[in-house]
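Below you'll find the structure, written out as structure tokens, and then a few comments.
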Amino acid sequence: MPQITMSFPEGKHKVLTMSYDDGKAADQRLVEIFNNNGIKGTFHLNSGLLGKGDRIPESEIEKLYQGHEISAHTVTHPTIARSPKTQLIEEVIEDRKVLEKIAGYTVRGISYPNGSYNQAIKELLPHLGIEYARTVNSTESFAMPDDLMEWNPTCHHNRNLTKLADDFVNLHKKQYLYMFYVWGHSYEFDHDQNWTIMEEFCQFIGNREDIWYATNIEIVDYLHAFQNLRFSADSQFVYNPSAMSVWLSIDERITAVKGGEQIELNKSL
């Protein structure tokens, strides 16, 4: 029986994803930094606050975040663990409706406003079309998420970012999968006058051949695609019912299982 493990696209074993909240004007500079270094981000927006104060207006959102992910953050940014259920439902559904009209695709993720959530909210969100939810609980680890409705990031950008980047780049054991997940608010760079932290980080960690640069939802979709693979009982062949390809390490050899295809695993070597 062959030894089979999941790999990231093209056989990579490390993924970097960035997650930023509130959609304020500083996102423009942050997106430019990401684009210059081949990095992808997920941007969680409050549809009811677009264009207010220094928040990016609705007319500029689609163009600004092209190539990245637009995700939910509720309509008005309430502390949802203290909100009535009816209000929570409206905050999420209405946020999705507005953002989907702007983005032109289904919005399926959220970051918890004010970091507020509880078990009841986690159980409700999938019924509202939400497939992942990010917390503010930094782990300083590179572990893959165990619970997508309580997706804990590696760190805030002000917390050991440089050291963690060094550690991440130097991870070479391919028997493991590693995820580096950074979160924050772009306006904090203006407040703290420390844009150089993000600029240097992205220059250091970007455009590397052994790292997959992905949005939050791209990671979720890939994990689901792997989980949906249909392996034979003796692991001699596998069918991929998904549209996207999934990469496998089969006895330490990388093989792509294309969407809609079935392959014989031994012959793929």
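The values are calculated or read from the model by the stated rules, or taken from the named source; none is laboratory data. Computed from a prediction, not measured in an experiment: that's the story for all the values here. Every residue, glycine as well, gets a Cβ built from its backbone with ideal geometry; the counts of neighbours run over all protein chains shown.
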State the number of residues belonging to region 234-269 that are at positive phi and of a type in the set (Asp, Glu).
2
Out of Thr106, Thr154, Thr162, Thr139, which single residue is hydroxyl-bearing (Ser, Thr, Tyr) and in contact with a Leu (Cβ under 8 Å, 6 or more places away or on another chain)?
Thr154
Do you know which of the residues in region 6-34 that are assigned to a loop (DSSP other than H, G, I, E, B) and out of contact with any strand residue (DSSP E or B) (no Cβ under 6 Å at 6 or more places or on another chain) is surrounded by the fewest Cβ atoms within 10 Å (Cβ to Cβ)?
Ala25
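Here is a list: Ser232, Ser186. Which entry is over 21 Å from the mean Cα position of the chain (by Cα) and among the polar types (S, T, N, Q)?
Result of the check over Ser232, Ser186: Ser232.
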Selection from region 11-55 of residues that are over 17 Å from the mean Cα position of the chain (by Cα) and within 23 Å of Tyr132 (Cβ to Cβ)
Lys24, Asn46, Ser47, Gly48, Leu49, Leu50
Would you check which residues across region 35-52 are touching a strand residue (DSSP E or B) at 6+ places or on another chain (Cβ under 8 Å) and either surrounded by fewer than 22 Cβ atoms within 10 Å (Cβ to Cβ) or modelled with pLDDT under 95 (or both) and list them?
Gly38, Lys40, Leu49
Within region 155-171, is even one residue polar (S, T, N, Q) and crowded, with 21+ Cβ neighbours inside 10 Å?
no
When every residue in region 126-150 that is of a type in the set (Asp, Glu) and in a loop (DSSP other than H, G, I, E, B) is compared, the one nearest to Phe180 (Cα to Cα) is Glu140
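Per-residue answers, yes or no, for (1) of a type in the set (Gly, Ala, Ser); (2) part of a loop (DSSP other than H, G, I, E, B):
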| residue | (1), (2) |
| --- | --- |
| Gly48 | yes, no |
| Lys52 | no, yes |
| Gly67 | yes, yes |
| Ile70 | no, no |
| Thr76 | no, yes |
| Ala81 | yes, no |
| Ile89 | no, no |
| Ile93 | no, no |
Within region 42-49, identify whether any single residue is β-branched (Val, Ile, Thr), in the same structural domain as Phe180 (by TED's automatic domain parsing) and in contact (Cβ under 8 Å) with a residue 60 or more places away in the chain, and answer yes or no.
yes
